[in-house]
Structures are given as structure tokens and as C-alpha cells.
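Student: Quick one: the structure is below, questions incoming.
The numbers here are math on the coordinates, done by the rules we state, and not lab data. Being a predicted model, the structure only gives us computed values, none of them experimental. Note that each Cβ is placed from the backbone with ideal geometry, even for glycine, and that neighbours are counted across all protein chains shown.
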Amino acid sequence: MGGKQIKNLSTDVLIVGAGGAGMSAAISAAQAGQRVMLVDRSLIGRGGATIMAQMTVAVALGEQVPDDWRYHYADTLKAGRGLCSEPLARLLCEKGVDAIRLMDDWGTGWARADGHMVQAHAPGHDRPRCVYVDYLNTGPAVAKTLRTQVAQNDAIERLGDILVVDLLVHAGRVVGAVALHLTTGDVLVIRAGAVIVATGGLTRLYKRNSASLNMGGDGYALAARAGAQLIDMEFVQFFPIGHLAPRLVGFDPIMWDPFRYKLGGRLLNGLGEEFVEKYGHQAEKEGYTVTRDAATYAILKEVEAGRGSPAGGAYLSFEHVPEAELRKAFGPIIDKLAANGIDLTKGPIEVAPIAHYHMGGVKVDVDMQTDVPGLLAAGEAVGGANGANRLSGNAITEAITFGLQAGRTAAAYNATQDRVGADVVDALAQPVVKALLTPSEATSSGAGSAMTTRPNVAAQIARLQAIMQSDVGPFRTKQGLERALQALAQMRAEVGDAVAGGDGPQDPVQIDALDLRNMLMVAEAVTQCALARTESRGAHQREDFPAMDDAWVLNQMLVWREGRWVLTQRPIERLDDTHAVTAPAGVAG
């Protein structure tokens, strides 16, 4: 086994993923008196989506204009095109107010003017509602705030470079996990009273994406193999104005959004014409007002018609904005852009849609519990709250709010459970441990001989990304989706779905193979749901079914059984009369 060891660990609450949702969950579970183990395949608090987020945070604080969470809730439902889980959407909007004020108390440093938090007017909102930290620093500031809180709590054990391979289920209840320590190659068997999946989304499935490398849908696959349901996996949000050209180093590709709606950046086709209104939307005379799915559609249709920019997208122009206003809005970023050869006063940049966020995910209740006891989810790993299209600014609010709730619930659950014995957990873990410690197939037949070629798993991942980009992207057809399913099935036949063995610490082939195992499973989930939904709604657009269909005001549910997905539909989760939301009096927009 090449010196690799098996290590046995134990905790009350195991949290998989240490972005905004995972760190929030760790803080609240620890504050409730539980021992917490926070693991991430990257550095704690420095991987995933939260730290990359340079956008705004939607919350009805009413700091600049009168507001109420119920208006935020109404906008969230509208953006979700009728598919939002009403209880989850209410939780996001109502409890998000306390969550973001808590972040303020912890020193996040939201931008202020005249003693109040500044709130920007983002697309899809009925009023200025989105807080931010100046100069694209929102995500890093949120992550730093949470890292500080985590570091100050001795009840939270932090383990980086940990790739969780499978969850362990005993008598229908999640009791732990098996993980690979990437630095040493050691295998960890972790016994836990409760497990929270906070691994983010799946946008790494696409060739063109804004994700970090750990956003390949790991959490969806982990939860599904443990028996949890997934919901609405077809809804992948493509951010319309991801950076395309010229080459830009050291920036998030989705950095242009806040400046577009702050300064009224103009979207132009290759002929220099504004075009959004051609597709049934009002001309954007007062800034950025069109929702992401609508803007994505308009850009790709112009490209399809031969009116795209040279690199295959659209132009985004700030040339009409005075240089003084550009410098005020962009601050020091103007000089960094200049170092990349970009002068916004002299010409546009090129942008195009990029896979950015996933509305679907693990099905949970308002306490973040799945239907598998002991298993919870938080943040982007959760599906349902945002329906068919996420409202701008809801992502960080959701991560923190759902994370805090998941931590509280996991702590309360664990406090009432008898812990399963270590011997039971060890026995459950043995098949996965054995597979992880099995040497790879690469062998040498003697001095000077060539080593047997190991599978080129990185090429397989690139192949999967190309399939998804081509046939399961922003615009879909029956023919393309069926072609994708066939190609994915062929890949599964070639690579299988067994746990991959390795050759020691940081074995890239083993890591890629473990990633591909999850990515294939999740790609099939997205594609099957997309093929079944014969309409266009929100982020799911079918060229062969271009209209919304009232018959499809349904959620799609997936369960993993005997190596394949079982798909069903069910009515939207509505609030009961006791929790019905009515508009407040006296808070006009």
C-alpha cells in the first residue's frame, strides 16, 4: 500500500465543503455545543464559489429605500418562474435579513454612505436591495469574515485537502464518510453523528464555466448514493456576460456584472447595435434590467444569426460613460485592466454566456434535512429555493442563511441520537477503503521497459465537458439531449463507476477518476431531466418546445437506484395557509 495509512476519526457534525455555506454551518453547530469537523478538498474557506463571488448580496434591509422581506420573496418567486419551493424561498428572504446583519456585526464591511448600507438595484428586483463590498471584494470579504469566526471557535476542527469519496449509511441513517487525504494519500474513515453536504454546484460539467475545480457536483452524487432525492437538476444558470476577449488575467470572468448595472453598460451585437429588445424585452435605457436567462438567450441568438462579436459573443461597451465615472465605479481595477491592455474609454470588451450557478440540487426541508436521517445540505448544494432561475444576489444570502440553519438542525439532531459504534462504521467503510488503497493498473515489466499506460481520465473529463457544452447548454433539443445521453452512457461503459485506486499522495489520475465518477452521474441527471421537461422555463430552454407550458408547473425528482436514475414529477411545494405570505402595508416600491 506504499506507506498509505487508514486513519479513524470521529466528530459530532461532519461538514463537507468549506465555502460560505459550510463555514456558516460549522459556526452555528459549534455554537450549539457540538464538535464539528469541517473538511474541504481545497484550503478551508478559500475554495468554492463564495470567495470568487464579486457580485452583490440580495437582502431586504431597507437601508436606502423602504423594503420588506416579502417583496424580496415576491421577486424571488417571479424569477423562479413558478417552480420555487415556497417554504425554502421564504426562509431565504425572511431569515436572510438576520443572516446579513449578523455578517455586518462580524465586520464584513458592507459599503456605506450617510450612515447606511448602500443597496444597489440589481436585475429582477423591484427596488435597490443588494449590498456589496467595494471593488469586487464582496465574496473575499464574506469568506474572510467567516474564516475568522471559524478560527476563533475551538470546537471546529479544520481539515483541508480532503476529498470525501462516499457517505456511510447504516439502517437507513448516515453515520459517517470515507475520504482521501490528497496530500498524504491516507484514507480517512470518519464517524459522525450528522453530515452536512455544502459542496456547491456543478458548473465544472461545462467547458465554459466560472467554477473552481471542486464544483463538479460532488455533493449531489454523495447525497444521491446515500439515498437522498435530487430536485430540478435541469436548471443550470448561464451567466450572460462572462468575459470572452481580450485575454484577461487575474479576474473572475463574471466581474462585469456590477459595473453593467451600476453604469448602464451597453450590450451590442457584432454590428454595434443594441439587440436585447428584439427578443421581447424592453430596451435597457436605465441600466442592466433584463434577467440572466433572457440576456443569455438574446446573446446566443445574435451569435447564431451571424451577428456576434469576433470571438463569438457580444460586445459590452462603457464608451458612453465619462472617464471620471468609470474611475469612481471601478476604482483601482481601472489600472489593473490597463495592465491587461483594456481601456474601457476607447473600446468594448467581448462577453458570452458562461455556466455559473445551479438551481437544482439536494431536496431538503426548511430545516435543511434530506429524507435520509442524519444527512443535511446547505447552500448551492440545495435545490428548490430558486426554482427555474435564481434571482440576482440570492446566492450568498442563501449560502449563509441555509448554512446557519443546517448547523443548528444538525446539532439538535445529533444531541438526540445514540452514536453508532466505531466497529459498525469500519465495517461499512471497508469496500471503499480497499478500493482506494488498491494500486493503479500502471505497472512496469522491468528495467528499461515502458510503463503500461494508465487511462487518460483528464481527457475523459474534457470529453464530458464538451458533450455538456454542446448538447446540454443554454439551448437544448430532443435530438441533442438524446445524443448527450448516448455519449454519456458510452463513457460510463468505458470507465465504469467503481471507486478508483491510486499510487499514493496527490495521484492526479486517481483524483480525476474520482471526479469523473461523480461528474458522469450528475451529468446524466441534468440531461435526463432536461429531456423530460418538454417546455422552456427560466434557465431551461428547449428550441423544440420554445414556450412555457402550465402543465409543467412541476418539480422533477430523481433517486439513484441500482446504478441508474429514477425520475418522477411532483407538485410544487407551497406554503400552507398558516405560513402564507401577504404583502406588507405601507412599504411601497
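Student: Answer rounded, prolate or oblate for region 396-539, using the Cα gyration tensor with square roots of eigenvalues a ≥ b ≥ c: rounded when a/c is under 1.5, else prolate when a/b is larger than b/c, else oblate. Could the numbers behind the result be given before it?
Tutor: Numbers: a/c = 2.42, a/b = 1.05, b/c = 2.31.
Oblate.
Student: Hey, another quick one. Indicate the gyration tensor shape class of region 456-571 (rounded, prolate or oblate), computed on the Cα atoms with a ≥ b ≥ c the square roots of the eigenvalues: a/c under 1.5 is rounded; otherwise a/b larger than b/c is prolate and the rest oblate. Provide the component values of the computation, followed by the final result.
Tutor: Values: a/c = 2.81, a/b = 1.95, b/c = 1.44.
Cα axes put region 456-571 in the prolate bin.
Student: Give the label of the value calculated from the structure for percent of Cα pairs over 44 Å apart, choosing from (i) 38; (ii) 21; (iii) 16.
Tutor: Correct label, based on the coordinates given: (iii).
Student: Using a Förster distance of 41 angstrom, determine the FRET efficiency expected from the C-beta separation of His320 and Glu157, and round it to 0.05.
Tutor: Values: r = 53 Å, r/R0 = 1.30.
After rounding to 0.05, the efficiency reads 0.15.
Student: Another one. Return the distance in nm (one decimal) between the two label points of a simple spin-label model at Thr438 and Glu543, each offset 7 Å from Cα along Cα→Cβ.
Tutor: 4.2
Student: Rounded to the nearest 5, what % of the DSSP beta bridges within the chain are antiparallel ones? Mind dumping the intermediate values first?
Tutor: On the way: 47 of 72 bridges.
For the chain, the DSSP antiparallel bridge percentage is about 65.
Student: Taking the Cα-to-Cβ direction at Ser470 and at Ala113 and moving 7 Å from each Cα, how far apart do the two end points lie in nm?
Tutor: 4.9
Student: In what sequence, highest mean first, do 501-509, 400-408 appear when ranked by Cβ atoms within 10 angstrom?
Tutor: Numbers: 501-509: 17.1, 400-408: 28.7.
Output ranking for 501-509, 400-408: 400-408, 501-509.
Student: Under 8 Å for C-alpha pairs, at least 6 residues apart: give me the relative contact order for region 492-589, rounded to a whole percent. Please report the intermediate quantities before stating the final value.
Tutor: Numbers: 64 pairs, mean separation 13.7, N = 98.
That works out to 14 percent.
Student: Between the helical axis of 292-304 and the dominant principal axis of the chain, each derived from Cα atoms, what acute angle in degrees is found, rounded to the nearest 10?
Tutor: 80
Student: Once fully extended, how much extra length lies between Lys478 and Lys7, figured as 0.36 nm per residue of separation less the alpha-carbon to alpha-carbon distance?
Tutor: Details: separation 471, 0.36 × 471 = 169.56 nm, distance 4.80 nm.
Between Lys478 and Lys7, full extension yields 164.8 nm more.
Student: Something else: So how much slack lies between Ala458 and Gln569, counting 0.36 nm per residue of separation and subtracting their Cα-Cα distance, in nm?
Tutor: On the way: separation 111, 0.36 × 111 = 39.96 nm, distance 3.49 nm.
Answer, rounded to one decimal: 36.5 nm.
Student: How do Ile354, Ile15 rank when sorted from fewest to most other Cβ atoms within 10 Å of their own Cβ?
Tutor: Numbers: Ile354 24, Ile15 32.
Result, fewest neighbours first: Ile354, Ile15.
Student: While we're here: With a cut-off of 8 Å between alpha carbons and a minimum separation of six or more residues, what is the relative contact order of region 539-589 in percent?
Tutor: Values: 26 pairs, mean separation 12.4, N = 51.
Relative contact order, region 539-589: 24 percent.
Student: Return the subset of Lys144/Lys262; Lys78/Lys278; Lys78/Lys363; Lys4/Lys144; Lys262/Lys336 for which the Cα-Cα distance in this structure is over 28 Å, preserving the input order.
Tutor: Details: Lys144/Lys262 25 Å; Lys78/Lys278 22 Å; Lys78/Lys363 21 Å; Lys4/Lys144 34 Å; Lys262/Lys336 19 Å.
Table pairs above 28 Å Cα-Cα are Lys4/Lys144.
Student: Here is a further query. Fewest Cβ neighbours within 10 Å first, please rank Glu273, Glu302, Glu573 accordingly.
Tutor: Values: Glu273 12, Glu302 24, Glu573 18.
Ranked by crowding around the Cβ, least crowded first: Glu273, Glu573, Glu302.
Student: Given a Förster distance of 60 Å, report the FRET efficiency between Asp371 and Lys278 from their Cβ-Cβ distance, rounded to the nearest 0.05.
Tutor: Result of the calculation: an efficiency of 0.85.
Student: Can you give me the relative contact order of the chain as a percent, contacts being Cα pairs under 8 Å and 6 or more apart?
Tutor: Numbers: 1380 pairs, mean separation 130.0, N = 589.
Here the relative contact order equals 22 percent.
Student: Using alpha carbon centroids, what distance separates region 339-388 and region 201-245, in Å?
Tutor: Cα centroid of region 339-388 versus Cα centroid of region 201-245: 8 Å apart.
Student: Fewest to most neighbouring Cβ within 10 Å: what's the order for Glu234, Glu304, Glu94, Glu277?
Tutor: Details: Glu234 26, Glu304 10, Glu94 17, Glu277 13.
So the residues, fewest neighbours to most, are Glu304, Glu277, Glu94, Glu234.
Student: Sticking with this one: Kindly identify region 522-582 as rounded, prolate or oblate by the Cα gyration tensor criterion: order the square roots of the eigenvalues as a ≥ b ≥ c, call it rounded if a/c is under 1.5, otherwise compare a/b with b/c, prolate if a/b is larger, else oblate. Write out the running numbers ahead of the final one.
Tutor: Working: a/c = 2.84, a/b = 1.28, b/c = 2.21.
Oblate shape, in that a/c is at least 1.5 and b/c is the bigger or equal ratio.
Student: Oh, and also: Whole angstrom only: what separates the Cα centroid of region 122-185 from the Cα centroid of region 531-556?
Tutor: Rounded to whole Å, the Cα centres lie 33 Å apart.
Student: Which value in nm describes the separation of the simple spin-label points at Gln417 and Glu494, placed 7 Å from the Cα toward the beta carbon?
Tutor: 4.0
Student: Want the number for Val553 to Arg307: 0.36 nm per residue separation, take away the alpha-carbon distance, what's left? List each step's numbers first, then the result.
Tutor: Values: separation 246, 0.36 × 246 = 88.56 nm, distance 3.45 nm.
Length gained, Val553 through Arg307: 85.1 nm.
Student: How far, in degrees from 0 to 90, does helix 478-495 lean away from the longest principal axis of the Cα atoms of the chain, to the nearest 10?
Tutor: 30
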